[in-house]
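Notes follow once the structure below has been shown.
No value in this document is a laboratory result; all are computed from the given coordinates. Since this is a predicted model, take the numbers as computed values, not measurements. Ideal geometry is used to build each Cβ from the backbone, glycine not excepted, and the neighbour counts take in all protein chains shown.
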């Protein structure tokens, strides 16, 4: 989160405009005295919400963001609010819950079982599995919002949580393979209750 804040401040401080080039990943890493992997995740989050774009062989540039007011407001909120991480986790939970419920509404038990078994066999990570689910649901707006929130979550969340998330997605996929909607939703809820250490209120 501090890296995202620093990059945002750099853009404002240097009065960078649409089309201006920002420092490279290596330069940002040296300037902020942080690892390149951390800078890479921060830039990825900013690219996901449409603030910057990477051009192959040229570098990273400021994008036109005037038309994306929702995304810009979301970015400002996440970078400045001290309670942002918990709110981000809750928002991600609610969006994924909608995706799961819609998935059960639109497909038969047999389709869901086959889909879940295929994802289990591929050994997908948490975000990869939900990416597949949202694509199958075929609601482009919901999918785009989830990708923005997921990008921020990955930038803010501790790397140590990755192993736990892998175990948790396997539990969700096992429940999906039995086409038990109640079990899937409960396991999914438990994942997020564990992350924020408070019970999510419906």
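Some notes on this structure:
- Modelled spin labels at residue 24 and residue 36, positioned 7 Å past Cα toward Cβ, are 0.9 nm from each other.
- Between residue 178 and residue 54, the C-beta separation translates, for a Förster distance of 41 Å, into a calculated FRET efficiency of about 0.45.
- Taking packing as the residue-averaged number of other Cβ atoms within 10 angstrom, the listed peptides 135-144, 112-121 run from highest to lowest as 112-121, 135-144.
- Whether the range 2-62 is rounded, prolate or oblate, judged on the alpha carbon gyration tensor where a/c under 1.5 counts as rounded: rounded
- Inter-label distance, nm, simple model (7 Å from Cα along the C-beta direction), residue 140/residue 125: 2.7
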